[in-house]
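Structure first, commentary second.
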Amino acid sequence: MIYTLAILFSLIAYFVIGHWAGRRVKHLDDYLVAGRNAPTFLILGTLVASYLSTSAFLGETGFAYQGYPFVMLIFAAISTSGCLLGALAFGRYLRRSGALTVPEFFGKRFASRRVQVIAGLTTVVGLGAYLLGVMQGAGIMFAELTGMPYWVGLVLVWLTYTGFILYSGSPGVLLTDTVMFVIFSVAALGGSLYIINDLGGWQGVIDGLSSQSQKPGIALWHGVIEGDGATFGSPGEALTWGLTLGLVWAAVLAASPWQASRYLMARNEHVVMRSAMLTAVALAIFYALMMMTGAAINLYDPGLDPERAMVWSALNILPPWLGVIILTGVFAAGLSSCSTFLSIIGFSLSNDILPASRSEAAAMRASRIAVLAAGLIALILALFQPPAVMAVVWFAATLFASSWGPVALMSIWSRRITAAGAGWGLAVGFVGNLVLSLMDQAGWVQLPVYLHPVVISTLLALAVILVASRLTRVSAAERDYLAFLHRHDERLEANWRKGSRRVAIFTMLSGIGVGVFLWHQYADTLAGMAERHGIPQGAVMGAYGLALGCAVMLLIAGAVGYRVTRPPREAGQVANAGELAE
């Protein structure tokens, strides 16, 4: 009963918060991009909340429970680098453009309504699939906790986030995302520390995992590579998977519409960079704790359904008060992603695909109608499509790595890419990934780990961009817009630069802290019990390499951020006036 009341109360609270935020919505700019005035903490909250959904708490933690906690850490160490890559190489220029949506930015950059429509269509289809996955995760959570039917949970979840998005738009999403970010951060920290301490700390967990026989190798960096249930057949295959998917998700974090669009709401470019660095730190800590916790649940019961392992632990292991926080936190993660994805789908439908409205009032009305229509379609599909949270979410997310990734980066850093190249790159990267992924899932093709569908489709997209751009010419409008994007505003107040450098230093120190923690708590512990458990020396060295790699990625992110925010050598270059005030 306590869990049912907690979930219902949280639904009401988010609805009220969203509507309170909607009181500030007066213009289209307020509705779509929150007036472009969001501070660092709100952008941090919505970035993390948009990325971490029920897929992270149920699917990815379930993958760690299945036998691969440290493979997921390899994945996380690489993928979180995309936060800073996205901010420095794309996000700050996106913010400078003054666009209302990311597809609109592509339309402006290439002076092409066609490119904007193609980007808008990929947004609607790709995020529609992503929305389906996280809605199903929230529905599963609701059913597990309340005992009510799955469809009742879906409808209540849909009514909550659709209700406040219709009224408040981006301000509602921004504020509720941040509230949810705080809740599930406390939940992840509290739940992880309780379970790990209950099992004797990191040393006790690693010792226990090394002793059990159901999932041999789960405590090693490569995870389970023996038995019928093994996902990988060798350490090399596990490493290849972690590196390949890590790079893919780095591209997702750098350029996907649900991450990049958050930067359009930022107060200025320094907020973009600060929030990106802090997001990398938050995700690194989250994955270090949650993946170990997912594996540790095996010491209570190794025979659970992986995607329900975290829910089971909250109901059966944690004290009721902490279980309530954990489960409402997981539920909040799903709800935040639902609200983010639906808002982006609706905004893109009205702003990028449908004909332009004649007035601001008509544009806001069209956005709200688009949000409602998209939400209804997603609800119907979620009711009839069998749940597969992690599979659907990961499939949908990689679509943007192959289609948006190359075009986004080249739109800023290439003088030769043309509108034709961008349009064909978006289309081929998206459709190619979609077709190859469906063929792979159907068993029509057998692809090795290093030739994941996203890798092939990204290479195809790059080839098409190069060929189409070679056959066409860059227009004067495209050249002028690219030059505009690279005009720096040197009149930002000095305290913005100093603050950004402090955040960069904090990021580097966090990297050192994470690395030292993993070195001592994981690698040293594994080395100390290697002889007793027959752990190969190569696995021990891999553990030390994992600790070092996690540290290095955050060190590089902080160092690059520090370098980019150095004092200017030349003054007098000015971008747009909206960047000037804190």
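The values are calculated or read from the model by the stated rules, or taken from the named source; none is laboratory data. None of the values given here were measured: they were computed from a predicted structure. A quick note on method: Cβ atoms are made from the backbone with ideal geometry, for glycine too, and the neighbour counts reach across all protein chains shown.
Report, by residue number, each residue of segment 299-309 that is touching a helix residue (DSSP H, G or I) at 6+ places or on another chain (Cβ under 6 Å) and modelled with pLDDT of 85 or more. Spell out the reasoning first.
Initially, segment 299-309 is screened for residues touching a helix residue (DSSP H, G or I) at 6+ places or on another chain (Cβ under 6 Å), giving 299, 304, 306-307, 309.
Hits for segment 299-309 are Leu299, Leu304, Pro306, Ala309.
Looking at Ala295, Ala276, which is the one that is buried (at least 24 other Cβ atoms within 10 Å of the Cβ) and within 29 Å of Arg262 (Cβ to Cβ)? Quick ask: steps written out before the conclusion?
Details: Ala295 fails: within 29 Å of Arg262 (Cβ to Cβ).
The match here is Ala276.
Taking the conditions (1) assigned to a helix (DSSP H, G or I); (2) out of contact with any strand residue (DSSP E or B) (no Cβ under 7 Å at 6 or more places or on another chain) in turn, Val272 satisfies each one other than (2).
For segment 417-527, the helices (runs of 4 or more DSSP H) that sit wholly inside it and include 3 or more residues that are surrounded by 22 or more Cβ atoms within 10 Å (Cβ to Cβ) and without any contact (Cβ under 8 Å) to a residue 40 or more places away in the chain are 419-442. Within segment 202-214, residues that are closer than 15 Å to Pro69 by Cβ and in contact (Cβ under 8 Å) with a residue 60 or more places away in the chain sit with their Cβ atoms under 8 Å from residues that are surrounded by 18 or more Cβ atoms within 10 Å (Cβ to Cβ) and of a type in the set (Lys, Arg), at 6+ positions apart or across chains, in these pairs: Leu209/Lys215.
Of all residues in segment 136-155, exactly one satisfies the criterion of being at pLDDT 80 or above and crowded, with 18+ Cβ neighbours inside 10 Å, namely Leu154.
Looking only at segment 443-454, decide whether some residue is over 23 Å from the mean Cα position of the chain (by Cα) and over 30 Å from Met291 (Cα atoms). Quick ask: steps written out before the conclusion?
Within segment 443-454, the subset over 23 Å from the mean Cα position of the chain (by Cα) is 443-448.
Narrowing further to those that are over 30 Å from Met291 (Cα atoms): 444-445.
Among the residues of segment 443-454, at least one is over 23 Å from the mean Cα position of the chain (by Cα) and over 30 Å from Met291 (Cα atoms), which makes the answer yes.
Test Pro216 against the stated conditions and say whether it is over 24 Å from Tyr562 (Cα atoms) and in contact with a His (Cβ under 9 Å, 6 or more places away or on another chain).
No.
Being within 29 Å of Gly558 (Cβ to Cβ) and touching a helix residue (DSSP H, G or I) at 6+ places or on another chain (Cβ under 7 Å) holds for only one residue in Ala254, Ala219, and it is Ala254. Pairing each residue of segment 558-571 that is within 12 Å of Thr507 (Cβ to Cβ) with any residue that is modelled with pLDDT of 55 or more and among the charged types (D, E, K, R), provided the two are 6+ apart or on different chains, yields C-beta distances under 6 Å for Tyr562/Arg501; Thr565/Arg497; Thr565/Arg501. Is it the case that Val224 is more than 24 Å from Ala295 (Cβ to Cβ) and β-branched (Val, Ile, Thr)? Criteria not met by Val224. If you go through segment 25-81 and pick out every residue that is outside any helix (DSSP H, G or I) and on the phi > 0 side of the Ramachandran plot, you end up with 1.
Going through Ala21, Ala34, Ala49, Ala56 one at a time, which residue ends up being in contact (Cβ under 8 Å) with a residue 24 or more places away in the chain, crowded, with 20+ Cβ neighbours inside 10 Å and more than 25 Å from Val155 (Cα to Cα)? Before you say what the answer is, go through the steps one by one.
Working: Ala21 fails: more than 25 Å from Val155 (Cα to Cα); Ala49 fails: more than 25 Å from Val155 (Cα to Cα); Ala56 fails: more than 25 Å from Val155 (Cα to Cα).
Matching residue, one of Ala21, Ala34, Ala49, Ala56: Ala34.
Of all the numbered requirements in (1) part of a helix (DSSP H, G or I); (2) more than 30 Å from Gly549 (Cα to Cα), Ala99 misses one, and that requirement is (1). Hey, does segment 102-109 have a residue that's within 23 Å of the chain's Cα centre (by Cα), part of a helix (DSSP H, G or I), farther than 14 Å from Tyr263 by Cβ and not hydrophobic (A, V, I, L, M, F, W, C)? Taking every residue of segment 102-109 in turn, at least one turns out to be within 23 Å of the chain's Cα centre (by Cα), part of a helix (DSSP H, G or I), farther than 14 Å from Tyr263 by Cβ and not hydrophobic (A, V, I, L, M, F, W, C).
Conditions (1) more than 21 Å from the chain's Cα centre (by Cα); (2) surrounded by fewer than 20 Cβ atoms within 10 Å (Cβ to Cβ); (3) not hydrophobic (A, V, I, L, M, F, W, C), marked per residue:
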{"position": "Pro171", "(1), (2), (3)": "no, no, yes"}
{"position": "Thr178", "(1), (2), (3)": "no, no, yes"}
{"position": "Phe181", "(1), (2), (3)": "no, no, no"}
{"position": "Ala188", "(1), (2), (3)": "no, no, no"}
{"position": "Tyr194", "(1), (2), (3)": "yes, yes, yes"}
{"position": "Leu199", "(1), (2), (3)": "yes, no, no"}
{"position": "Lys215", "(1), (2), (3)": "yes, no, yes"}
{"position": "Gly223", "(1), (2), (3)": "yes, no, yes"}
{"position": "Gly227", "(1), (2), (3)": "yes, yes, yes"}
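Of all the listed residues (Leu94, Leu121), the sole one being modelled with pLDDT of 90 or more, touching a helix residue (DSSP H, G or I) at 6+ places or on another chain (Cβ under 8 Å) and under 13 Å from Ala266 (Cα atoms) is Leu94.
Go through the residues of segment 537-544 one by one and say whether even a single one is within 22 Å of Met291 (Cβ to Cβ), over 21 Å from the mean Cα position of the chain (by Cα) and exposed (fewer than 15 other Cβ atoms within 10 Å of the Cβ). Explain how you work it out, then say what you get.
The first filter runs over segment 537-544 and keeps only residues within 22 Å of Met291 (Cβ to Cβ), leaving 538-544.
Filter once more, so that each one left must be over 21 Å from the mean Cα position of the chain (by Cα): 538-544.
When the remaining residues are screened for being exposed (fewer than 15 other Cβ atoms within 10 Å of the Cβ), the result is 538, 541.
There is at least one residue in segment 537-544 that is within 22 Å of Met291 (Cβ to Cβ), over 21 Å from the mean Cα position of the chain (by Cα) and exposed (fewer than 15 other Cβ atoms within 10 Å of the Cβ).
Could you please find all residues in segment 203-258 being farther than 22 Å from Asp524 by Cβ, among the aliphatic types (A, V, I, L, M) and in a loop (DSSP other than H, G, I, E, B)? Correct list: Val224, Ile225, Ala230.
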